[in-house]
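The structure appears right after this line, and notes come after that.
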Amino acid sequence: MATATGITPFHLEFADEQIDDLRRRIRAARLPSKELVDDRSQGVQLATIDALARYWASDYDFGRVEKRLNALPQYTSEIDGVDVHFIHVRSQHEDALPLVMTHGWPGSVIELLDAIDPLTDPTAHGGSAEDAFHLVLPSLPGYGFSSEPGELGWSTGRVARAWAGLMSRLGYTRYVAQGGDQGAAVTDDMARQAPAGLAGVHLSLLRSALANTTGLPTESDEERAALEALDTFRKSGFGYFLEQSTRPQTIGYALLDSPVALAAWMLDHDTDSYYKIARAFVDGQPVGNLTRDHILDNNTNYWLTGTGASAARSYWEGGRAAALAAGQAPPAVSVPVGFTTFPGEIFRAPRSWAEAVYPRLTYFNEAERGGHFAAWEEPRLFTDELRSAFRPLR
Amino acid sequence: MSASTMEATAVREFRVEVRDGALEDLRRRLSETRFPEKETVEDAAQGVQLATMEALVRYWGGEYDMGRFEARLNAFPQFITEIDGLDIHFIHVRSPHENALPLIITHGWPGSIIEMLAAIGPLTDPTAYGGNAEDAFDVVVPSMPGYGFSAKPAATGWDPVHIARAWIQLMERLGYTHYVAQGGDWGAQITDVMGAEAPLGLLGIHSNMPGTVPPEISATLASHVLGGGDPAPSGLSGDEQRAYERLNELYTTGLGYSIEMGHRPQTLYGLADSPVALAAWMIDHDARSYDDIAAAFRGEPVGSLTRDEVLDNITMTWVTNTGVSSGRLYAENTLGFFDIKGTTVPAAVTVFPNELYQAPRSWAEQAYPNLIYFNEVDAGNHFAAWQEPEIFTRELRAAFKSVRRPT
């Protein structure tokens, strides 16, 4: 019997009718005419969606999400009025460092699944017992199996406070946090709030530069390249961001009613990951771990949980929080910060930028491979980065 | 002229014939709509509200007569002709009155020629609608490339400038040696560009969404899209300040749809696959027209913008599968929506109170060196012709009176 502040084991089950309905809708998809260009500059290409829809309806195993998630210890716990779903895997090594990792959009806990074993069981994955983590992977409110907040105000700052509450509820008195994308925003907020017990963070996206590069150095080639990449993103890549920040409900109708609309919207995140995913579907040549099945696990999970609109709404909350905070600088970060720049990320944050934003930068590295979905695409390399980044904090 | 060129430039009669099964498929999709949960606010701040979409889907799939748009269009003489390799569909109604003034009217997004249907009678046959024979127009209403029954371009290049030049060819092809042009939304930009191209036969233009915003103000507005940006301009008159504030509201909270279609029109697969997605996307144009359309689905239409009218437009877009192809115009465009386009021909402006912004006379005078008419009316939103066809007609009669040739 769970209390209001208790922790309840969670097991998921999708109804067969839901899956039949999804398959039927994919088969009945009506597609638009082909884009007028030979690249992604007008959006997700018809050939990509065509291949994706064909594989999704015919070859994909719809039982995968259930099997993969139910193989892990999952729980829900009510925090600040929201039922938070999370995976909690304790390492067999008792001195393991507790780590809360936050996914992003259009991701979910599914992005992080293949990093669980290497992080929690390092001796089976090329590491030593001293590299072990106890791992907590929560679903953001409105994503996957976490409930959607019934009231306004769930910006990443409030999520950060909820995560600190979750870690304390799990009995962790000293832990670290990690995130990319929206997860980087949550983790950055945690670092600024510095709850008791938070020993340090690791990030793979420099959130503040995405919003504003004022004051960052722009002399070196690397700095100029990063600035240029950000400029390209602002000039041509933030339509989804703006639509979700201002009209999540409007795009929500497509994301709930049409599987191909949902899949296309979720594929159209950034140039690097789009082309990698398109290769997986069109040429059958996935890059790293970004396989067709992995991509569709995430899409299928969004569809079956019906969370396209509620996940989009997290951007609206972010926009509202930014508007309310206008002009006020956030509190400085006092905890140690580790940062990894993955080469395919929207922009390659140079060390100088990471240092400018996080004066206590205790680890910085530019990885050889990987993009925006680093944990998903390169789980081993991602694991190595976390081991190195957090080693000095153990 | 070769036989094949003659064939291409021929003007062929056209009738809408909706493919068997298309409406049944639409009805089935509507009946199986999977809605999201309700927005978490009590207004339209998160987009089209669930109650509006539920009412719309219920009416569309239940009471609405799906054959309406076909019957309404086929009541007019329609034609297709190929211009620059693309089939262009248009309505062409000649006035019963000799010496009527030829007029080409251009629609916008998310509109179509459906917006203009109710104005065609009063414009072409004024004596039947409270006007005089001297008010008569011969009316040409083309569908823009990628919209309705015009062909969908298969290559880039059909931007508003190209469309403006195509319309000049169309009027020539129809044998009109002198004519006027009118537009709102994209149609306003195309009409402004026609006024800048200033072909010999173009006697004047009228706009209900004129491009008048001075360049420095336009730059300030553009800097506000992502939040932050340049400080608000100073030294504006009362009218100018109000215009700036309305535009700023649009630039800070209302451009998502436009930037998504500008950057990634192809990503909007929902517009082809889901009628509820298409309808929501199309009614989320601007705050004031959304309010009016939401009112229509509560059974309280404002002016002529009824549920049936709104659904005629959406149903046509669905049946022709032109949600994405129409959105591509945003990707093609390189002009600033509200910028001055360099019109030199005589220009007329009507300011509607619920348009995206109310162009101040001072800006209109700067934008149009030959401003022959300027009037503010007391009703009408972004869809002026659609919502207020009588006011719209009266404005066009008054605006173009001075450019008519003596008979």
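General observations
- Strands (runs of 3 or more DSSP E) wholly inside the range A:37-107 that include at least 1 residues being more than 14 Å from chain B (Cβ to nearest Cβ) and touching an Asp or Glu at 6+ places or on another chain (Cβ under 7 Å): A:74-79
- If you go through the range A:248-280 and keep only what is free of Cβ contacts under 8 Å to residues at least 60 places away in the same chain and among the basic types (Lys, Arg), you end up with just A:279.
- Options B:261, B:282; residue that is within 11 Å of another protein chain (Cβ to nearest Cβ) and open to solvent by 10 Å² or more (accessible area, probe 1.4 Å): B:282
- Matching entry among B:53, B:66 (being open to solvent by less than 60 Å² (accessible area, probe 1.4 Å) and either under 30 Å from residue A:154 (Cα atoms) or not hydrophobic (A, V, I, L, M, F, W, C) (or both)): B:53
- Count - residues of the range B:302-325 that are open to solvent by less than 10 Å² (accessible area, probe 1.4 Å) and part of a loop (DSSP other than H, G, I, E, B): 1
- Single unsatisfied condition, residue B:186 versus (1) in contact with a Phe, Trp or Tyr (Cβ under 9 Å, 6 or more places away or on another chain); (2) without any contact (Cβ under 8 Å) to a residue 24 or more places away in the chain: (2)
- Pick from the range B:40-76, criterion hydroxyl-bearing (Ser, Thr, Tyr) and either in contact with a Leu (Cβ under 9 Å, 6 or more places away or on another chain) or without any contact (Cβ under 8 Å) to a residue 12 or more places away in the chain (or both), ranking: farthest from the other protein chains (Cβ to nearest Cβ): B:64
- Members of the range A:183-225 found to be among the hydrophobic types (A, V, I, L, M, F, W, C), over 24 Å from residue A:143 (Cα atoms) and either in contact with a Pro (Cβ under 7 Å, 6 or more places away or on another chain) or assigned to a strand (DSSP E or B) (or both), listed by number: A:198, A:199
- Members of the range B:326-379 found to be among the acidic types (Asp, Glu), open to solvent by 40 Å² or more (accessible area, probe 1.4 Å) and in contact (Cβ under 8 Å) with a residue 24 or more places away in the chain, listed by number: B:339, B:376, B:378
- Search result, residues across the range A:260-316 that are touching a Ser or Thr at 6+ places or on another chain (Cβ under 7 Å), small (Gly, Ala, Ser) and within 29 Å of residue B:35 (Cα to Cα): A:261, A:264, A:278
- Scanning the range B:215-245 for residues that are under 27 Å from the mean Cα position of the chain (by Cα), at pLDDT 90 or above and open to solvent by 40 Å² or more (accessible area, probe 1.4 Å) turns up B:215, B:216, B:219, B:222, B:239, B:241, B:242, B:245.
- Among the residues making up the range A:344-394, those that are over 24 Å from residue A:270 (Cα atoms), part of a helix (DSSP H, G or I) and not charged (D, E, K, R) are A:356, A:388, A:389, A:390, A:392, A:393.
The values are calculated or read from the model by the stated rules, or taken from the named source; none is laboratory data. A quick note: this is a predicted structure, and the numbers were derived from the prediction, not measured. Glycine gets a Cβ as well: all are built from the backbone with ideal geometry, and neighbour counts include every protein chain shown. These accessible areas exclude ligands, DNA and RNA; they are computed on the full protein's heavy atoms, side chains included. Shrake-Rupley method; radii C 1.70, N 1.55, O 1.52, S 1.80 Å.
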